[in-house]
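What follows is one structure encoded as structure tokens, with my remarks underneath.
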Amino acid sequence: MAKIDELYHKKIGGAYAKSTMNNFRGQVFAYIDFCRAHKLVILPPVYKNIVRYLTVVTTKVSAFGTMANKLSILVKFYTLCGHPINTQHPLIDLLMKSCKRE
């Protein structure tokens, strides 16, 4: 089994380009750093903490596509951790609608 697991991890390592993985890793670490700096829970996901992070990001990023990308990365992060999040949750939905209108 150990050899199969090793092969599996090697195979999935090639699922994304190195630059994509670097971006993913950097975005996730930025979120984790934000949560740690503010003593917020990372796991399990707390919707209010996710929108707090995204709200701070909106002060630095104005493009809706960039905001959607950051949310997408958090969705993938939580899904990979076994905690899928709902992007239609009212807190996330309202924030993203607001970002889209700006």
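The values are calculated or read from the model by the stated rules, or taken from the named source; none is laboratory data. Just so we're clear, the structure is a prediction, and the values are computed from it rather than from any experiment. A quick note on method: Cβ atoms are made from the backbone with ideal geometry, for glycine too, and the neighbour counts reach across all protein chains shown. With ligands, DNA and RNA removed, areas are computed over all heavy atoms of the protein, side chains included. Shrake-Rupley method; radii C 1.70, N 1.55, O 1.52, S 1.80 Å.
Give the calculated FRET efficiency between THR66 and TYR8 to the nearest 0.05, with a Förster radius of 35 Å applied to their Cβ-Cβ distance.
For R0 = 35 Å, the calculated efficiency reads 0.60.
What percentage of the solvent-accessible surface of the chain, computed with a 1.4 Å probe over protein heavy atoms, is contributed by carbon and sulfur atoms?
Roughly 60 percent, rounded to a whole number.
Taking 8 Å as the Cα distance limit and 6 or more residues as the minimum spacing, I'd like the relative contact order of the chain as a percentage.
26 percent
Given R₀ = 41 Å, what would the calculated FRET efficiency be for MET1 paired with THR87, taking r from the Cβ atoms and rounding to 0.05?
It comes out at approximately 0.70.
Ignoring ligands, DNA and RNA, what accessible area per residue does the chain give at 1.4 Å, in Å²?
70 Å²
Which whole number in µm²/s is D for the range 36-82 by Stokes-Einstein, with the Kirkwood Rh taken over Cα pairs at 10 °C and 1.306 mPa s?
The estimated diffusion coefficient comes to 140 µm²/s.
What is the Rg over Rh value, at two decimals, for the range 16-58, using alpha-carbon atoms and the Kirkwood definition of Rh?
With Rg and the Kirkwood Rh in hand, the quotient comes to 1.03.
Going Cα to Cα from LYS60, which lysines come in below 21 Å? Please leave out same-chain ones fewer than 8 positions away.
Within the straight-line cut-off, LYS60 pairs with LYS48, LYS70, LYS97, LYS100.
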